[in-house]
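Only one structure is covered here, and it is reproduced in the block below.
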Protein chains: 2
Amino acid sequence: MYCLVKFAPLFLAVAVSNGWLFGDFVGKQKVLDEISLWPLPQKFQSSAVAFKLSPTRFQIVQAKQSSAGPSCSILENAFRRYFEYIFGDLKKPEKSRKKVYDSDLVELQVWVTSADPECDGFPSLQTDESYELSVDEPSAVLKAANVWGALRGLETFSQLVYEDDYGVNNINKTDISDFPRFAHRGILLDSYRHFLPLKVILANLEAMAMNKFNVFHWHIVDDHSFPYMSRTFPELSQKRKGAYHPFTHVYTPSDVKMVIEFARMRGIRVIPEFDTPGHTESWGTGIKDLLTPCYSGSSPSGTFGTVNPILNSSYDFMTQFFKEISTVFPDAYIHLGGDEVDFSCWESNPDIQKFMVQQGFGTDYSKLESFYIQRLLDIVAATKKGYMVWQEVFDNGVKLKDDTVVEVWMENKMEEELQNVTGAGFTTILSAPWYLDYISYGQDWQHYYKVEPLNFPGTDAQKKLVIGGEACLWGEYVDATNLTPRLWPRASAVAERLWSDKSVTDVDNAYNRLVQHRCRMVKRGIPAEPLFVGHCRQEYKGL
Amino acid sequence: MYCLVKFAPLFLAVAVSNGWLFGDFVGKQKVLDEISLWPLPQKFQSSAVAFKLSPTRFQIVQAKQSSAGPSCSILENAFRRYFEYIFGDLKKPEKSRKKVYDSDLVELQVWVTSADPECDGFPSLQTDESYELSVDEPSAVLKAANVWGALRGLETFSQLVYEDDYGVNNINKTDISDFPRFAHRGILLDSYRHFLPLKVILANLEAMAMNKFNVFHWHIVDDHSFPYMSRTFPELSQKRKGAYHPFTHVYTPSDVKMVIEFARMRGIRVIPEFDTPGHTESWGTGIKDLLTPCYSGSSPSGTFGTVNPILNSSYDFMTQFFKEISTVFPDAYIHLGGDEVDFSCWESNPDIQKFMVQQGFGTDYSKLESFYIQRLLDIVAATKKGYMVWQEVFDNGVKLKDDTVVEVWMENKMEEELQNVTGAGFTTILSAPWYLDYISYGQDWQHYYKVEPLNFPGTDAQKKLVIGGEACLWGEYVDATNLTPRLWPRASAVAERLWSDKSVTDVDNAYNRLVQHRCRMVKRGIPAEPLFVGHCRQEYKGL
């Protein structure tokens, strides 16, 4: 019972006293390898007793006691999705159920216990994703406070199922009690360096759910293109040099809705990032005077810099724009960026220079940056949204709301930054060690896996302020052709680090499970690349 | 006329005297960018005069004078393939041709000039791939000695076509005279570390033709698996631990035939590699006593090493096996490997030790290796095939047939090795700088592009012995999920190095053309990854 022995010795003691057949697993490594849970649950005990699942008899159903009824489409959809993951899409359940055999598992009952199952809600930072799963004949029971925990448990249930030598689906008697170590477990994709067709985004949301990620950080626009089609300011994506193409390379309001709903059905929050005042070159064509005119000597050079922070029109625009964003994206947070502001254009502009003098900023342009960010944050706060920012905003001393989430992305002095941000009482998420766009030869997933997010000097209270992390796949070198295999299963390493217990650090054990987990993703249609030499029972069918 | 000015100044002089409108291209960079020939032809002149191609009227036809008739299926298939590349698969040519307009190009006549067009033949190392292409109204003419040159010219013709602002296909008045710099332009794929489904191999043959590669070096079996299904020794792939799976992870005789025919239709040779005496672990389960029993002290350890070179049965097996291989694979060459032979098992075996003494080899096991290889080469020579070998076989002083091709793969002392191999009078191909399995962050295609294969000390006669090179994508980290985007367009850099003139070395110019070429591959269904930030008019539709 390798999972248990290695990772949960305390639980083992309890389990043995309950009479579980751990001893039976000696020599059954193969079966356990095929189970290959990923990420590893917090508490897990399994026995050698196995039940069979018949595609014509097995069902996933709402438990009678459950507060979620048949109208809970988020669960009904998930039941069908996981049935298909387990049995493939060729088999139909029969209407009249045939004889049930002794060793059959006939159903998984999903029991949502809270008065409000949140069927029509959205997951949030406060969402309780815990669940309890008990597999025993004739029924397995999955218990969770709400639909979000139920989704996580369904994924785990599907991972417990394995094919025996006859191709029959089996599942072992199992008890699991599980919850995430961190509340924010994200994937950042950028859709501006290369436009990502909707199909690619949806497939990666699927893969995220398979890895229990719960945040899609959508860095949707930036310097190179503005694919977000705004209802208030359609010219942002429609004008030349806004989006790469105003029809084929944009996300329409309906596309965005689809991403959000597809994510919601999988318990994934969508946090859009509209990064200002830097990273805004593509905004400039659509919105006159939004960007700062750069000067060459005493005359405008014809080029433009970051957002012009000295014009009221800039703030008027931001007010209207973020009003729209706050209604389009249901999540409580918007990511406002604030990173890598280049001062050179501001410095060249005589009007900006004058303003600096008036404000008493001297030549410290970071004060001007803070001036802008401060007003922007107030604008966004007025929409009742919380915000996330990159670490520079904190570093520059901008006054932040208490519920601000600071994202630490610079690997240099990472521990010091975590110490400072949490020392100032802010919640933080870590992405610095997980920039998956940096590729190298070999099994780099191990580097991501070995990161311990709380390995920085600080009090327990400070450690509690680290609410999670994000694997970032910036888009310089990826698009629809190669994004998915480059992300998976490398991001899976981050998934386990953010979900499983701190003690789950055995790389060899992780390798064995991850090999199987990546084949499971492949079987489900995700082109997750191989870790090393080997094969999957079902190889990828696409190109 | 950037191509010409930069790469063929002598030709420019001739061209200007012929009255071509080079001056007109000032300000027409956009059109030229969209043409984006890859690899760049040897001689190329184009004018600003453009003709339109109508999908309902334009045809690719056999020229009346051509020695290839309508029964030449290799051309008839190519005509349909390139028609589809140009117009997509939605449009049907009309039976009755409508009015032809003045500015129309109505047909491409393909004129094969040799008495034997080689319609039913196979390409070879001696194949003449040169062609002449003249685009003028009302007809373009493609002239080649045989179908192989015609295939190369068809690819070039299709690359000359570009869409104007109305989506209409245009082609400029153009004259091209083209031929490859090197005769052997290969891609090595290994199908043993990961099994590559047929679909993946065929797609990559398609991509190879788009880049004028002409050799598929199929490293089909090796230590980890034996997916080649032998008719003489079916047990090699059928027994446990031969192939990964005897049904789902093998290439049947019919699969192999399909690969060879699919490649032939695109002017690509298929050279299989059956690497011995090392790299043979997977052979051992099927063939009793083929591998050397390793010893631990005075008794067999239960493990096995490389092929047992002291048993006649080993040579009997090889004789029968390569007799089959020589009939299954039509190419004049077989790659026999011979690299990385580990002596430790031989050293441990008392029978081998005895044999060493009898032969007077002392403790020099490379002499035993040469003893084996020498006999193997004689066996293969008896099948009338030529052979390719990795550089170690030459380095160890094995006596090689005059027509042996030595493959230089070690990057360390590469120039010295090229000097030695060619100094000894052997033809050689270079793969050392083009191991595409080694990935790194950024635009590594530039490194591959900057290689000059003849940059080693040697006489002109020695330089002529370098007949080409290969881009190798070894399979540790690639399978169906990620092989294709990892190979393309990185291998395209090698394609141009091996086809175009030595003077074609401008990386910026190559970047501009390669960006368009990669989008062209994407449009044709190949998931070629992006070089850098940007977009394709038609993004990849798959995952």
For B:Glu415, state whether it is in contact with a Phe, Trp or Tyr (Cβ under 6 Å, 6 or more places away or on another chain), open to solvent by less than 10 Å² (accessible area, probe 1.4 Å), of a type outside the set (A, V, I, L, M) and at pLDDT 95 or above. no
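Could you tell me whether any residue of region B:426-440 is surrounded by fewer than 22 Cβ atoms within 10 Å (Cβ to Cβ) and farther than 30 Å from B:Val515 by Cβ?
Within region B:426-440 (the criterion being surrounded by fewer than 22 Cβ atoms within 10 Å (Cβ to Cβ) and farther than 30 Å from B:Val515 by Cβ), the answer is yes, since at least one residue qualifies.
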Restricting region B:443-459 to residues that are farther than 18 Å from B:Asp506 by Cβ and loosely packed, with under 13 Cβ neighbours inside 10 Å, the one nearest to the other protein chains (Cβ to nearest Cβ) turns out to be B:Pro457
Restricting to region B:432-455, name every residue that is within 17 Å of B:Arg486 (Cα to Cα), part of a loop (DSSP other than H, G, I, E, B) and touching a residue at least 40 places away in the same chain (Cβ under 8 Å). B:Leu436, B:Asp437, B:Ile439, B:Gln443, B:Asp444
Tally, over region A:128-138, of residues that are within 26 Å of A:Arg57 (Cα to Cα) and either modelled with pLDDT of 95 or more or among the charged types (D, E, K, R) (or both): 7
Would you check which residues across region A:247-292 are in a helix (DSSP H, G or I) and polar (S, T, N, Q) and list them? A:Ser254, A:Thr285
Within region B:104-115, is even one residue more than 30 Å from B:Gly469 (Cα to Cα) and polar (S, T, N, Q)? yes
Hey, which of the strands (runs of 3 or more DSSP E) in region B:100-215, taking only ones fully inside, have at least 2 residues that are touching a residue at least 24 places away in the same chain (Cβ under 8 Å), surrounded by fewer than 22 Cβ atoms within 10 Å (Cβ to Cβ) and not β-branched (Val, Ile, Thr)? B:107-112, B:131-135, B:139-144, B:169-178
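Can you pull out every residue in region A:392-427 that is of a type in the set (Asp, Glu) and out of contact with any helix residue (DSSP H, G or I) (no Cβ under 9 Å at 6 or more places or on another chain)?
A:Asp402, A:Asp403, A:Glu415, A:Glu416
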When B:Asp223 is evaluated against the numbered criteria (1) within 23 Å of the chain's Cα centre (by Cα); (2) outside any strand (DSSP E or B), which criterion, by number, is the only one it fails? (1)
Whichever residue in region A:460-507 is facing chain B (nearest Cβ under 10 Å) and of a type in the set (Ser, Thr, Tyr) and, among such residues, is nearest to A:Pro39 (Cα to Cα): A:Thr484
In region A:259-274, how many are out of contact with any helix residue (DSSP H, G or I) (no Cβ under 9 Å at 6 or more places or on another chain) and buried (at least 21 other Cβ atoms within 10 Å of the Cβ)? 2
Kindly indicate whether any position in region A:235-246 is touching a Phe, Trp or Tyr at 6+ places or on another chain (Cβ under 6 Å), open to solvent by less than 30 Å² (accessible area, probe 1.4 Å) and part of a helix (DSSP H, G or I). yes
Of all residues in region A:520-541 being more than 7 Å from chain B (Cβ to nearest Cβ) and within 21 Å of the chain's Cα centre (by Cα), which is surrounded by the most Cβ atoms within 10 Å (Cβ to Cβ)? A:Met521
Exclusive hit being touching a helix residue (DSSP H, G or I) at 6+ places or on another chain (Cβ under 8 Å) and closer than 24 Å to B:Glu529 by Cβ, set A:Leu205, A:Leu188, A:Leu236: A:Leu205
Selection from region A:342-389 of residues among the β-branched types (Val, Ile, Thr) and either assigned to a helix (DSSP H, G or I) or open to solvent by less than 10 Å² (accessible area, probe 1.4 Å) (or both) yields A:Ile352, A:Val357, A:Ile373, A:Ile379, A:Val380, A:Val389
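Which residues, taken from region A:63-81, are acidic (Asp, Glu) and either open to solvent by less than 10 Å² (accessible area, probe 1.4 Å) or more than 28 Å from A:Ala207 (Cβ to Cβ) (or both)?
The answer is none; no residue qualifies.
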Taking the conditions exactly as written (in contact (Cβ under 8 Å) with a residue 12 or more places away in the chain, among the polar types (S, T, N, Q) and open to solvent by less than 10 Å² (accessible area, probe 1.4 Å)), does B:Ser301 satisfy them or not? no
Helices (runs of 4 or more DSSP H) fully within region B:467-543 counting 1 or more residues that are modelled with pLDDT of 95 or more and farther than 23 Å from A:Gln538 by Cα: B:490-499, B:507-523
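The values are calculated or read from the model by the stated rules, or taken from the named source; none is laboratory data. This is a predicted model, so every value here is computed, not measured. Note that each Cβ is placed from the backbone with ideal geometry, even for glycine, and that neighbours are counted across all protein chains shown. Quick note on the areas: whole protein, heavy atoms, side chains included, nothing else; ligands and nucleic acids left out. Shrake-Rupley method; radii C 1.70, N 1.55, O 1.52, S 1.80 Å.
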